[in-house]
Each structure stands twice: as C-alpha cells, then as structure tokens.
1. Here are 301, 278: which of them is touching a strand residue (DSSP E or B) at 6+ places or on another chain (Cβ under 7 Å), touching a residue at least 24 places away in the same chain (Cβ under 8 Å) and closer than 30 Å to residue 82 by Cβ?
2. Say we look at segment 65-90 and pick out the residues that are surrounded by fewer than 19 Cβ atoms within 10 Å (Cβ to Cβ) and not in a loop (DSSP other than H, G, I, E, B); which of these is modelled with the highest pLDDT?
3. Filter segment 152-210 down to the residues that are outside any helix (DSSP H, G or I) and either farther than 30 Å from residue 220 by Cβ or at pLDDT 95 or above (or both) and list them by number.
4. Quick check on my filter: what residues within segment 91-110 are free of Cβ contacts under 8 Å to residues at least 40 places away in the same chain and assigned to a helix (DSSP H, G or I)?
5. Any idea which of (1) crowded, with 17+ Cβ neighbours inside 10 Å; (2) at pLDDT 95 or above is the one residue 105 doesn't satisfy?
6. Being crowded, with 17+ Cβ neighbours inside 10 Å and in a helix (DSSP H, G or I) is the filter here; which residues of segment 387-399 pass it?
7. Restricting to segment 301-354, what's the tally of residues that are surrounded by 15 or more Cβ atoms within 10 Å (Cβ to Cβ) and outside any helix (DSSP H, G or I)?
C-alpha cells in the first residue's frame, strides 16, 4: 500500500467487516496494492486475502476492492460519484438481468464475461465495490501500452457482438425492462462539466498532431483534422444523446480498451491465444449505438497496419457473432440492427473514435516514470497539463494513421 496507508486500510477494513458480518478477530486480512500509477484513473485497486482461521477446508477468499478517489479536487474535476453509481447499477441490475434472460431463453452456453461482485457501498468519498480477484482465476489484464494482435482483437469483437446482442434482445422482447435500464444509463461524463478538461486535453494534443503533419504534402489530412478538432465540443455531446441513436441504441460497455479487458488462456497448444474474456470497469456504461464500443476498441487499441489487414474482417466477425446470439435469444438481427445500419453508424460517429484515440491514447502510451499522481494534483490546470503531454514517438504516427484511415474509409468529419 502507498501513501496514507493507515487511512486506506481503515476504509477497507470497514467495508470488509460489512461484507463478513462477523467479528474481524476470526479472520486474517491481507491488503496489498493491485494497480500502479496510471493504470486506473477513477479507482484505487487493492488485493484482499481473507483467511478464516475457523475453516480448515476453504479458509481463503481472494477479492479485489475498487475504491473511489476521495481527494476533493479530483472529485470536482471528474464525476466520481456518477460513474460509481453507474458501475454499481451495472453489477446490481444489468448483469443479473443478462444472466436471467439467457436462462429464461434456455441458452445452452451462458455468456457471462463478468466478475462476480459481493458488496457495494455508496458513502460519499468512500464509494467502493468488492469483487472476485479474476487474476487468481487465471485471467490476465490486457496490455494497454502495445497494439492488440489479431487473436485478442478477434475474441473482443466476438464478445462485444454477444454483449450487444443481449441488449438488443431485451429491448425487443422486454421493452419495459430496457426502458428502465435506459433511464438509468444516460450519459454522465461526456455531457458534464467534467468533460471540459478533457476537451482541453484533446485540443492541446490535437495541435501537436497537426504540427507533425506536412501542411503541403498532407494538406487533406491537416484540413480533416482541423475540422474535426473545431467541432469536438458539439460533436462529443451531440453524439451521445440517446435520441441520436433512435431505435438502434443499446447498452454499451463504454470503455472497452485493453486495460479494461481480462483474458484467460486455456489452449495449451496455443498458449498465446486467449480463450475467455472478462469485461471490467463499467463506469462509462451508457445507451448508445453499438459502433461507439467498436470505434473505441478498434481505433484506440490497434495500429494502421493491423487495420489494413483486419478491419473489414473484424466488422464481419462482430456482426456474425451478434446475429448468432440474437437468433439464439429468439430475435431477428436483420430487424434490430441491419448490417447496412452498422456501417452507416461507423461513418456517422467516426469522429468520436478519433477523439478517444487522441485523448486516451496519449495516457496509455506514457511511460510509468512520466505519469503524474493525478489524484493529488494541486490544481485543475496542473491536472490538465499533466495529461496533455505528448508521449513517446509512436503516438503522433498512431493518430496520423487514424486520420488517414478515416479519410480512406470515407468517414465523416
């Protein structure tokens, strides 16, 4: 454990005591840090090992606790309370509904890429979730510092297809339930005061990308990027309005990047190929077009050369997975999300993918030695400045490649 060891430990012990509903003297509780600086922007993660001294057969329980940052400046800049409300709603309401719905439909193999959660607390400044430690179940967190390879991208796109299919099927067959979810999954980040600092970060980093382009030889890309950056504020809020998606809006994970994806490798013959996936970090879950998740993952996590080889193929894989799951659940993908609509939405909402890559791509590519302690920044300007620094040399070519690809695909700006 790091700074403020005693205070953090006391917070954790209070939560664990509520979970155990028992005298802590009967247990040994070990607490260790589960994440490094820069690995999690809206949560403090700790490993918890609980040993029951009275139980000789199954004495240990391995958990993860995710705690909200309690520093007031950080909570003023980012909507900490709102995103913890959202994540808790996902674990308490959406995931159980997804599992129950599949059982009702007698799906032979239940799709459940979720960590089990045990307890949530919503005390102001002490919001927290207590969950299974998936690493000790054989899962490994994706590496957000390197571009994803094909086996990992293939599995992610298949699982996103199934995840969105569940949402579409519930929307189709249980509209009242979906309406309830929709009312509790309105956008809470991109249309809030908290997005203003992010816009500043996008604008600053975008200017650095523009400066790296040749104004003569690459004029088309310069003008495309300029136009996109000029519209960042209006496009970001407009794109995340529920009305914008009409009948095609579904539950999005909201942040499907590698740091929020855990993989299990169960094929001994191909040990580098993932066989199972677990989605974590549901703080940005919202109702949106499914392409928002696709754009977020593809353009944040892949490189230009990879997309040249696999982009169209992966879109087909996604749609085939979504369609297959919908048929299992008793709904028609041709009615709920025609492939032509999927392709149209990719073109319409493409700028969102560029903004995400500019903003989060920079954070993901920073070396750990260059990542500031964002929780303890002394001012909003200091926080913004720290997140607006261009990382190592691969960042500018990465964003340039996205702009080039969007022009090639005919995506709108």
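The values are calculated or read from the model by the stated rules, or taken from the named source; none is laboratory data. All of these numbers come straight from a predicted model, not from anything done at the bench. When we count neighbours, we look across all protein chains shown, and the Cβ atoms used for this are built from the backbone with ideal geometry, even at glycine.
1. Values: 301 fails: touching a strand residue (DSSP E or B) at 6+ places or on another chain (Cβ under 7 Å).
Being touching a strand residue (DSSP E or B) at 6+ places or on another chain (Cβ under 7 Å), touching a residue at least 24 places away in the same chain (Cβ under 8 Å) and closer than 30 Å to residue 82 by Cβ holds for just one of 301, 278, which is 278.
2. Within segment 65-90, the subset surrounded by fewer than 19 Cβ atoms within 10 Å (Cβ to Cβ) is 70-73, 75-76, 81-82, 85, 89.
Checking which are not in a loop (DSSP other than H, G, I, E, B) leaves us with 72-73, 75-76, 81-82, 85, 89.
Values: 72: 75, 73: 72, 75: 77, 76: 75, 81: 89, 82: 90, 85: 93, 89: 96.
Filtering segment 65-90 for residues that are surrounded by fewer than 19 Cβ atoms within 10 Å (Cβ to Cβ) and not in a loop (DSSP other than H, G, I, E, B), the one modelled with the highest pLDDT comes out as 89.
3. Taking segment 152-210 as the starting set, the residues that turn out to be outside any helix (DSSP H, G or I) are 174, 184-194.
The answer is 174, 184, 185, 186, 187, 188, 189, 191, 192, 193, 194.
4. Once the filter is applied, which keeps residues that are free of Cβ contacts under 8 Å to residues at least 40 places away in the same chain and assigned to a helix (DSSP H, G or I), segment 91-110 yields 92, 95, 96, 99, 100, 103, 104.
5. Answer for residue 105: the failing condition is (1).
6. 387, 395, 396, 398, 399
7. Here the count works out to 5.
Per-residue answers, yes or no, for (1) crowded, with 23+ Cβ neighbours inside 10 Å; (2) touching a strand residue (DSSP E or B) at 6+ places or on another chain (Cβ under 9 Å); (3) free of Cβ contacts under 8 Å to residues at least 12 places away in the same chain:
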| position | (1), (2), (3) |
| --- | --- |
| 199 | no, no, no |
| 206 | no, no, no |
| 214 | no, no, yes |
| 217 | no, no, yes |
| 241 | no, no, no |
| 250 | yes, yes, no |
| 291 | yes, no, no |
